[in-house]
1. From the list 271, 267, 303, which one is touching a Cys at 6+ places or on another chain (Cβ under 9 Å) and over 25 Å from residue 1 (Cβ atoms)?
2. Counting only residues that are assigned to a loop (DSSP other than H, G, I, E, B), at pLDDT 90 or above and among the aliphatic types (A, V, I, L, M), how many does the range 99-122 have?
3. When you scan the range 162-175, do you find a residue that is of a type in the set (Asp, Glu) and out of contact with any helix residue (DSSP H, G or I) (no Cβ under 6 Å at 6 or more places or on another chain), even just one?
4. Give, as residue ranges, the helices (runs of 4 or more DSSP H) completely inside the range 14-84 that count at least 1 residues that are buried (at least 16 other Cβ atoms within 10 Å of the Cβ) and in contact with an Asp or Glu (Cβ under 8 Å, 6 or more places away or on another chain).
5. Among what's in the range 147-187 and is of a type in the set (A, V, I, L, M, F, W, C) and over 24 Å from residue 126 (Cα atoms), pick the residue that is modelled with the lowest pLDDT.
6. Would you pick out the residues in the range 289-314 that are modelled with pLDDT under 85, among the hydrophobic types (A, V, I, L, M, F, W, C) and over 26 Å from residue 247 (Cβ atoms)?
7. In the range 135-146, how many are in contact (Cβ under 8 Å) with a residue 40 or more places away in the chain and assigned to a helix (DSSP H, G or I)?
Amino acid sequence: MVVSLSALAREISPQSKILLGGYQATIDSGTFLSQGLADMIVCGEGETPFCELLQALSVKAYSDLARIQGIAFLTPAGLVHINPPAPRLRYLDRLPFPARSLIPMESYRQASLYRAGEMIGSRGCPWECKFCYSPQLWGGAVYRSAPNILQEIEEMLDQYGLDSIRFGDDTFTTSRSRVLDFCNEIGRRGLAFQWEARTRIDLMDEELLYRMKETGLVRLQVGVETIQDASLQEMNKRCKFSAYERFFQVVNKVGVGVRVSVIIGLPNETPAEMLATLSWVENHLTEQDQFIRCMFTPYPGLPLNAKSWNTLSYDLAKYTMDIPLVTSHLFSYDELLCVKKKADALMYQYGPEESIRHPMPQGFPGSMVPNSAITQEKAG
């Protein structure tokens, strides 16, 4: 989407400067700049370098760009120049809250089944899963304090009439004591709202989960990724499949919903192993749960063994985690498509919004893919 919008902006207003940020642009700045998709890129954490960049552009001080840490840009001669990274922000409480008044918040309320607000309570993740871009983008984790987080939540509840909060933290529950501080602060302020967050399967226990539910937790997003221990080890997931069963026993006992994500197309897995993960997940989902599938996407810079797969496309517009991009000696493109159809059928049934939770229509792609015939069916 960003690649398409950038090309459209270039066509409509050739004289305008295009600035990009985010993981792909950070890790692969040279490609984005050399292909004309951007004139400048803010790499990694953006608040400080972006403000310095805007200040330089406002007075047309283009010679100052080389001194701004954390940016990359094209020189007048068309050469790619990448500056040293900017220092990490270590005290996130000093940052102002997002200026939500500048966007049509009412539209967000109408687009969601719940009046939900999005926010983060931390940046980065201390784990280093090899399929994840977070370590490359952020480095380690930095956290906001519980009072600071709740102050922003109170603003969203009071000023915008929201009643549900979705945390976008990579791993909200990294610190057990920090989560308990957050829950205690909710009680101290007498707040009532629903909330969702991301966690790791090996970070939850029954006592903590009950406390989180008492303060409004309705759903946890967890990355199952795969049930194959060899793949979990290869990806540096740092947990084994045996932890999965324990986790689902606890969440089912406490009565908290889960949003399960898996990765389809890991290069060292066979189609049968991919299907085994889907079958296991399907057997553990309940009516309050959700399912998300992501296609394995070989983003530049990830510490993975690129020799184990064949990359089908280097088109940045296709790096959406929704398009099959690799094959390996263990599966063909057609076989991967068949697994994707099966995963899509499951995602349709347990979609991320209740508005699409209804019986799958006859003939829906993937509805007729038998597990035992995965290698026989060929994509049209």
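1. On the way: 267 fails: touching a Cys at 6+ places or on another chain (Cβ under 9 Å); 303 fails: touching a Cys at 6+ places or on another chain (Cβ under 9 Å).
Criteria check complete, one pass: 271.
2. First pass over the range 99-122, keeping only residues assigned to a loop (DSSP other than H, G, I, E, B): 99, 103-104, 112-115, 120-121.
After this cut, where a residue has to be at pLDDT 90 or above as well, the list is 99, 120-121.
Imposing the further condition that a residue be among the aliphatic types (A, V, I, L, M) reduces the set to 99, 120.
Total satisfying the criteria: 2.
3. Narrowing the range 162-175 to residues of a type in the set (Asp, Glu): 163, 169-170.
Narrowing further to those that are out of contact with any helix residue (DSSP H, G or I) (no Cβ under 6 Å at 6 or more places or on another chain): 163, 169.
Yes, some residue in the range 162-175 is of a type in the set (Asp, Glu) and out of contact with any helix residue (DSSP H, G or I) (no Cβ under 6 Å at 6 or more places or on another chain).
4. Where helices (runs of 4 or more DSSP H) fall fully within the range 14-84 and carry at least 1 residues being buried (at least 16 other Cβ atoms within 10 Å of the Cβ) and in contact with an Asp or Glu (Cβ under 8 Å, 6 or more places away or on another chain), they are 29-34, 47-58.
5. 162
6. Result: 306, single match.
7. Qualifying residue count for the region: 3.
For every residue, the table says whether it meets (1) of a type in the set (Ser, Thr, Tyr); (2) in a helix (DSSP H, G or I); (3) surrounded by fewer than 19 Cβ atoms within 10 Å (Cβ to Cβ).
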| position | (1), (2), (3) |
| --- | --- |
| 148 | no, yes, yes |
| 153 | no, yes, no |
| 159 | no, yes, yes |
| 179 | no, yes, no |
| 184 | no, yes, yes |
| 195 | no, no, no |
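The values are calculated or read from the model by the stated rules, or taken from the named source; none is laboratory data. In this text, all values refer to a predicted model and were calculated from it rather than measured experimentally. In this analysis, Cβ positions are derived from the backbone assuming ideal geometry, glycine residues included, and neighbour counts consider all displayed protein chains.
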